[in-house]
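To start, the structure under review is shown below, and the notes come after it.
What follows draws every value from the coordinates through simple rules; no lab data is involved. On a predicted model such as this, the values are computed, not experimentally measured, just so you know. With ideal geometry, Cβ positions are generated from the backbone for all residues, glycine too; neighbour counts draw on all protein chains shown.
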Amino acid sequence: MHGPESAAWLLVALCAATGAYCLLRRRGGDEEQRRTAGAEALMGFGMALMAVPAAVLTPPRWAWLAYATVFGAAALRALWAARHAGHHVHHLVGTSAMAYMSLAMAARPAAHAHHSGPTGSPALTAALVVYFTGYVLWSGLRLVPAATAAGAPGTETLAWGRRPELARACRLSMAIGMLAMLFTM
């Protein structure tokens, strides 16, 4: 990721923490919830790796191609899962965006790895920015009522690993992180 190093480290911390929480969410729930949490953990940790400042770590071209392969496979899995549940479409867009960013970084000449500048397709990047901006606004609006209802008297107290508002907050933070990464393209 290119841009201010302190912002990049904050993004690394946010995405790693989100990935860790999603791994904890894999411990409970039904099979579908565990699969979803696993996909989100992959996204969180993948985003954390990709957000490491270029001045600290500049992966070789083969590493970017490996990222693209992993996220391409995750996108195919999300496409397969989207047949049964619509929320997998968001996973499909997210994993496809990660594969796209990985391919754009693999195509960047090694001599320019530390310099920011446009990479990838401006139209595709703009479309992804519009999608994730809309997702951030939509999920942010959904998060407020969920958090308010969770603290209301008479509601069931759930373990923190099963609270729906925390899962939504993780998705929201990853979408914000995705926007930050797309803006650096």
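Just need log10 I(q)/I(0) for region 1-85 at q = 0.20, 0.22 Å⁻¹, Debye formula, equal scatterers on the alpha-carbon atoms, no solvent, rounded to two decimals.
-0.96, -1.06
How do His91, His84 line up, fewest other C-beta atoms within 10 Å first? Could you put the intermediate results ahead of the total?
Values: His91 24, His84 8.
By the 10 Å Cβ count, ascending, the order reads His84, His91.
Can you tell me how much longer the chain between Thr133 and Arg83 gets when fully stretched, taken as 0.36 nm per residue apart minus their C-alpha distance, in nm with one decimal? Don't skip to the end; give the middle numbers.
On the way: separation 50, 0.36 × 50 = 18.00 nm, distance 2.48 nm.
Stretched fully, the Thr133-Arg83 segment lengthens by 15.5 nm.
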